[in-house]
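In what follows, a single structure is set out as structure tokens and then discussed.
Each value in this text was obtained by applying a stated rule to the coordinates, not by laboratory testing. All values derive from a computational prediction rather than experimental measurement. All Cβ positions, even for glycine, are placed from backbone atoms using ideal geometry, and neighbour counts span all protein chains on display.
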Amino acid sequence: MSVETKTEQAPAPVETVTLSIDGIEVTVPKGTLAIRAAEQIGIAIPRFCDHPLLDPAGACRQCLVEVPDAGNGRGFPKPQASCTLEVAAGMQINTQRTSEVAAKSQRGMLELLLINHPLDCPICDKGGECPLQNQALSSGGGESRYEGVKRTFPKPVPISAQILLDRERCVLCARCTRFSEQIAGDPFISLVERGALQQVGRYAEEPYDSYFSGNVVQICPVGALTSAAYRFQSRPFDLVSTDVTCEGCASGCQLRTDHRHGVIRRRLAANAPQINEEWNCDKGRFAFVSGRGDDRITTPMVRVDGELQPASWPEAIDAAVAGLSAAGRNVGVITGGRVTMEDGYAYAKFARAVLGTNNVDYRSRPYGADESAFLITEVAGRTLDAASTVTYSALEAAERVILVGFEPEEESPMVFLRLRKAVRKRGLTVVAIAPLLSNGNRKLNATVVATAPGGETAAITELELTSSDVILVGERAGLVSGALEAVVTKATAAGARFAWIPRRAAERGAIEAGCLPGLLPGARAVSNVAARVDVATHWGVDSLPPLEGLDAASMLAAAATGEIEALLIGGVELSDFADAEAARASVDAARFVISLETRHSEVTERADVVFPVSLLEEHSGTFMNWEHRTGRVNKVVRQTRAPMTDLRVLAALADAMEKPLGFRSEAQARAEFIELGTGEQRVELKALRPRSQPLRSSHGEQHEGVSAKLATWRMLLDGGRSQDGEPALAATAKPSVAKVNPAMAQQVGVSDGDVLEISNGDSWFRLPVQICKDMADATVWVPMNSPGTPLSELGVVYGDAVTVDHGGEE
Amino acid sequence: MSGHEFTSYFPESGSVDMTDTSTNIDETTLTELRELASRYPQARSALMPMLHLVQSVDGRISPAGIKACAEILGITAAQVSGVATFYTMYRRTPAGQHHIGVCTTALCAVMGGDILLEKVSEKLGIEPDQTTPDGKFSLERIECNAACDFAPVLMVNWEFMDNMTPEKAEQLLDDLAADREVSSTRGATITSWREAERVLAGFPDGRADEGPSAGGASLLGKKIADDKGWAAPKGGLN
Amino acid sequence: MTDTLTPVLSANWGTESSWKLESYRASGGYQALAKALKMTPDEVTGVVKDSGLRGRGGAGFPTGMKWSFVPKDNPNPKYLVVNGDESEPGTCKDMPLLLASPHTLVEGMIISSYAIGCHTAFVYIRGEVLHIHRRVQAAVAEAYEAGLLGKDILGSGYDLDIIVHAGAGAYICGEETALLDSLEGRRGQPRLRPPFPAVAGLYASPTVINNVESISSVPSIIANGAEWFSSMGTEKSKGFTIYSLSGHVANPGQFEAPLGITLRELLDLAGGIRAGHELKFWTPGGSSTPILTAEHLDVPLDYEGMAGAGTMLGTKALQIFDETTSVVRTTLRWLEFYKHESCGKCTPCREGNWWLVQILRKIEAGTAEAGDVDKLLDVADNVGGKSFCALADGAVACVTSAVRHFRAEFEAGTTTPAWEAFPYERSALFATSESKEVRA
């Protein structure tokens, strides 16, 4: 691993000013707003429109303070809004604590805010955690003198399938509209009308379908914005909160999960300035109910006479051990993209120390032949504090960021928000090597280097880099021959930094845990003898298998031929592989299959033994995000319907095989993993060569149509199973369309809105077409796993040749 | 009577009328909208003139007009809607051929504007913010229109009809109803509300030279000065 | 001693085709431009500064000083924006100026733009004045044809474009930062200051925003010199300006006079209060300036005189009301105006005007309760000085000044409808036999 650490740089001196607030001296950086300066010394000034991450508005006027001296010996004749007032040296500020002018202003403002408020707190979701309610009590007058009529509107108005607006409760602070415009770049809501009629509105035909829409519910200081998902679900004071790390992607968002009576009611963005600041995406916020359906597995099952039958734990363990023992070392272990680092470590150790094989891989997704070497040499073992490591803060400070095979808004939304912040605040330049300029990248003012799939390597080679550049590489780049190596070569030569940003939450941790056929836990290459000895010693086993194992696709292929006799699969959807049909055929053909799953799936229905495992919310453990930052996964729900974690099941199997795993709890696994530490032996990229080919069926003759390169990626909201059960969320997903450039459209003979047929030669599907200027030639883009886009059923991946044709009228 | 009725329930607010999706916007209009966008250093500045043009074509801010502006300017329809609903000259429902405005801000109201509005409303058979069934007239209670020295103020298609009285209003409405030629006291021959909106959008109608230089009240001080021989001191160019 | 009236801006009003370039030139038009283009921009600014010209749109900020705030080292384009959103109740001076002599403004804009280094200038005119737009559009077109706009103006090498922009009905757009948002195609809501427009205004570039009358005064100042201008007016309120008399006077109209004239003098010129009536109350500069009464007839109508009387010169829009007028009714109607025109951005203006109107309606209807007048004042106090911009301060000024001078009339609202105490038809200019219907 890299042992370099960030050189201690003396921070640039910050110019400060000293002022007094309520007679208390405070020194703050120049440019600080008075309301923030007051916070520094524990003085809370009531506020509604103020939000530290939004541009100041000064709209609600709740935070008025008296300023008898602006620092120049003269005071302001009028009370000042402390949320827009920059402090100055020698300034004197008197808040409501010491100034009757400020206190009366604030009382008066609250009275004004409440005259048209419905005071429906008893039936309002916000009641109990409502800044209006709280501040009315702390700073208000107690009784209203208003005897007039209240302003009323029809209510509530759905501004999207997920978000509902109750205009009567709104205090017009414009946090939601400012968030949408400034932070997310989705101004589908706006203030409309004016004066006493002013309200938040959207255009009827353009719903507020933003990936970040849930944030407006969270930052609304009243109950005007609610979500379909949480509306009327609970009272805040009945909820129990737990800090968790989001499993939705590799952004690593820190969230707060609230549950009541053992059922999670909602998730909120936590305050994590270094990671997600105070935001998260709607997938992370709303997609947590997928494990609540009827398909949850709650008892072990064993196949008897061709039928899966419920079984006792001892029966299932006996059956599993029998199957595994019969297979000997010819076993493959495949884990998914959402296991914790501790569970991953358990799988990795189980494969090697218990089963005696390096056949372990977490990559249940398309990947290229180059990827594994890149992951072993350039990703594994990196640390958060290394100088070469890219972090959110580094993105915010960067001069230029180059995106390769990576769509931030779709694939790592917090990276998107941080890039957008830097674009907006600092004028960051973003360049995307991509087939087209996506909507997300448009919001980053990105320049697109229109590159047909496969052309990335050449495009990277042509880049002129400087040491201040940052390259962000997505997992799709691994499908392009030479692209990853080109990134490493170019960046190294220029002294630029790069980061690999996978899509799924467990990817980074799984690598560290050793869930790759060529990689032992702690970034130790299997090919390295010393590393194997290290780990074997630590684990107390005689030796570890010396040869690099089979990767996931090769395991499946080998299972189909009988070369692999048993598969142990945890947390995997077969349709996530490049070729779903081939994957199904392989699992069908495997002699013995053990599945560790939360819900019935295509794996469980093919398995011989099924072990129920707990949902992530019933788990504790660790995720590692793309920055290499660890985040805790805390157990939220204790009354689980399936109390065994993956790790605990594996420990039981190991015990039964009389080769104890050495731990039975996440805490023990983590302790052992930390003690094992990271290997010291660095491997060069060029020293590792791939030895496997992706599992792919061959396709038939190209049929009628025009040949095109397939460009595709997953949308944030798509057909993934982890998003099941949340219809309002699904309704805010982007509609599935196929995109081609005008030349391609002309060649095929389609215009906007026509139907395009995309075929692998054997099978096809159809989507409405959208013609996209500035898109690479001879390329068709479709979403990867959205409704109506079963790419893995066609067995085609990014960069493959497909044919496109006019699909007739929709 | 207090003039403005106090309203507190707003069932239809927040949007233009989405139930009427009719439009006359064609390629010519789109070309003109783009032309307006090109007149400004930053295209979005043209939004207000563009919305005036939409009104001149569709008689109101139509859903199609909102979408056309949004597409040309590269902003969201919600942002256009936010602007269209902010300004009172942008209408949610079709204006009449002639749009009558009666000022009832304090001074005009006191000096007879309230009475005028009542009379006009009675004569046309519609309340403020309504349009006659034949589409001939729409009526609006307007705020101060910068003609206070000619109070009470009545506007036809945003042309001044100074020093209005109930009798003059009656005659005016009769003439307009009968399509007789009517001239503004300080403006041109009355055309139509839509034609007026087109001028406001920035497409002149060639009538700038019609009408007087100034109204009587505007000239009062100057006349007195001339009579008395009063003038500013002699200066460099005088 | 200057004459009582000093027509400069209005000197050519009423002349044959006064709005045409030819006519404007015949009265000396565009000579100041030729003179200015031979000066350096800083010299032009210097003359305007020395003249003591203060903004005629209401705030009275020194015009030359405003220009000098434009940072010279800012790489962005500089913009001049002329505020022609004349909407303050009572204010009616810019519209006749633009109708009769739009070239005065165009010439002023060219000179002012030259002074601040601007190459694209805008004139934002409220939308509800069709013929004004025609005249200004035509004047700008004439100026382009005559080489007074466009490239290389009068062979000076100086380039300028003028864009005529129509508003669409929003009093708040007279507030300069709201005007900028409006001109950028947004909702006309005021912006935070700082940054001030001189540093970051239109398109976040340095921008000078001046009233129509202010910019129109510039050609005469350049032509005749700073001393000429400052020889008129009072010590701190230099020059001439247009006073607009409206309401219950015998002859309402526009009077261009040196600053410091009194209402008594103006009323004399206007033939006094309408026959058989007497002055009750008046506004010095639009409805946002606290009202005055007959006791203030001799206070000089300049910035200092009005400040001394607890009010403001504002737009010099003198609205005159006689003894038939209910001050309660008038105040309510002004407040309804502010409620209608509040942009909605800040709480006190949006909610305060909504509330004040309701209290005033009860007082007008004679259904107020004891303590309502105090409540009215206290709510006004919770609004005044607390809002984002000055709109609500103007609304509050109406209320507090009216109660200060006529509290008994408001207190009477607990027993007597205003229309009984002051039958409304008596205030109207024309008799009506159906007055009871009017108040229904």
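Overview of results
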{"item": "Spatial separation of Cα centroids for the stretch A:331-352 and the stretch A:659-681, in angstrom", "result": "13 Å"}
{"item": "Average partner coverage of B:34-43, which counts Cβ from other chains inside 10 Å", "result": "3"}
{"item": "Inter-label distance, nm, simple model (7 Å from Cα along the C-beta direction), B:Thr93/B:Asp174", "result": "2.8 nm"}
{"item": "Share antiparallel - DSSP beta bridges, chain A, percent rounded to 5", "result": "60 percent"}
{"item": "Bins of 20 Å from zero: percent of alpha-carbon pairs in chain A", "result": "15, 44, 32, 9, 0"}
{"item": "Principal semi-axes in Å for the protein assembly as shown [√(5λ), Cα gyration tensor, largest first]", "result": "71, 33, 30"}
{"item": "Candidate lysines for bridging to B:Lys123, where Cα separation is under 19 Å - those fewer than 8 sequence places away on the same chain excluded", "result": "B:Lys136, B:Lys168, C:Lys436"}
{"item": "Residue exposure sequence - A:Ile41, A:Ile317, B:Ile126, C:Ile222 - by fewest surrounding Cβ within 10 Å", "result": "A:Ile41, B:Ile126, A:Ile317, C:Ile222"}
{"item": "B:Lys234, A:Lys421 arranged by Cβ crowding within 10 Å, fewest neighbours leading", "result": "B:Lys234, A:Lys421"}
{"item": "Furthest towards positive pole of dipole, A:Cys49, A:Leu516, C:Ile359, structure part the protein assembly as shown, Cβ charges", "result": "A:Cys49"}
{"item": "Paramagnetic reach from A:Ala88 (point 7 Å along Cα→Cβ, amide N under 12 Å) across the stretch C:65-88", "result": "none"}
{"item": "Estimated dipole of the protein assembly as shown in Debye, rounded to 20 [Cβ of Lys and Arg +1, of Asp and Glu -1, Cα centre]", "result": "2560 debye"}
{"item": "Cα centroid separation, the stretch C:245-301 to the stretch B:78-114 (Å)", "result": "29 Å"}
{"item": "The stretch C:264-272 - phi-based ³J(HN,Hα) in whole Hz, Karplus 6.51/-1.76/1.60, Gly and Pro as x", "result": "4, 5, 5, 4, 4, 5, 8, x, x"}
{"item": "Full-extension gain in nm, C:Ala141 to C:Glu323, via 0.36 nm per residue minus C-alpha separation", "result": "60.7 nm"}
{"item": "Ranking of C:Cys118, B:Cys148 by count of other Cβ atoms within 10 Å, fewest first", "result": "C:Cys118, B:Cys148"}
{"item": "Simple spin-label estimate for B:Asp209 and C:Thr415 in nanometres, 7 Å along Cα-Cβ", "result": "6.6 nm"}
{"item": "Per-pair calculated FRET efficiency, R0 = 51 Å: A:Asn439 and A:Ile41 via Cβ, rounded to 0.05", "result": "0.70"}
{"item": "Amide N proximity, the stretch A:147-165 versus A:Arg231 label position 7 Å along Cα-to-Cβ, cut-off under 17 Å", "result": "A:153-165"}
{"item": "Scattering curve values for the stretch C:98-142, log₁₀ I(q)/I(0), Debye with Cα scatterers, q = 0.16, 0.19, 0.24, 0.30 Å⁻¹", "result": "-0.43, -0.59, -0.86, -1.12"}
{"item": "Among beta bridges that DSSP assigns inside chain B, antiparallel share in %, nearest 5", "result": "55 percent"}
{"item": "Range of Cα positions in the stretch C:21-230 per principal axis (Å), largest first", "result": "39, 39, 33"}
{"item": "Signed unit charges on C-beta, dipole axis of the protein assembly as shown, positive-most listed residue A:Ser325, A:Thr95, A:Leu19", "result": "A:Leu19"}
{"item": "Inter-probe distance in nm under a simple model that places probes 7 Å from Cα toward Cβ, at B:Phe6 and A:Gln668", "result": "7.4 nm"}
{"item": "Considering only the stretch A:468-608, percent of DSSP beta bridges that pair antiparallel, nearest 5", "result": "25 percent"}
{"item": "Modelled FRET efficiency - R0 30 Å, A:Phe76 with A:Glu25, Cβ distances, 0.05 increments", "result": "0.90"}
{"item": "HN-Hα J in Hz across the stretch B:212-226 - Karplus 6.51, -1.76, 1.60, θ = phi - 60°, x for Gly and Pro", "result": "x, 6, 7, x, x, 5, 4, 8, 4, x, 5, 4, 4, 4, 4"}
{"item": "Label zone at A:Ser325, where the point sits 7 Å out along the Cα-to-Cβ direction: the stretch A:645-662 residues whose backbone N lies under 13 Å", "result": "A:654-659"}
{"item": "Cut-off under 5 Å, modelled amide H: who pairs with A:Ala525 long-range", "result": "A:Leu520"}
{"item": "Overall dimensions of chain B as given by Cα atoms, namely Rg and Dmax in Å", "result": "20.2, 64"}
{"item": "Relative contact order of the stretch C:51-188, pairs being alpha-carbon contacts under 8 Å that are 6 or more residues apart, as %", "result": "24 percent"}
{"item": "P(r) of the stretch A:16-114 over all Cα-Cα pairs, binned every 10 Å from zero, in whole percent", "result": "18, 53, 26, 2"}
{"item": "Förster radius 30 Å - calculated FRET efficiency between A:Val533 and A:Asp655 (Cβ-Cβ, nearest 0.05)", "result": "0.70"}
{"item": "Cubic angstrom per residue, convex hull over Cα atoms of chain C", "result": "139 Å³"}
{"item": "Relative contact order (%) - chain C, alpha-carbon pairs under 8 angstrom, separation at least six", "result": "16 percent"}
{"item": "Anchor A:Lys126: aspartates and glutamates whose Cα lies under 16 Å away (excluding residues fewer than 8 positions away in-chain)", "result": "A:Asp166, A:Glu168, A:Asp238, A:Asp258"}
{"item": "Inter-chain shielding of C:352-361 (mean C-beta neighbours from other protein chains, 10 Å cut-off)", "result": "5"}
{"item": "Above-threshold pairs, the threshold being 26 Å between Cα atoms, out of C:Lys238/C:Lys316; A:Lys155/A:Lys425; C:Lys93/C:Lys339; A:Lys30/A:Lys78; C:Lys78/C:Lys238; B:Lys228/C:Lys35", "result": "A:Lys155/A:Lys425; C:Lys78/C:Lys238; B:Lys228/C:Lys35"}
{"item": "4 °C / 1.567 mPa s Stokes-Einstein diffusion coefficient of the stretch A:407-467, Kirkwood radius on C-alpha pairs, µm²/s", "result": "106 µm²/s"}
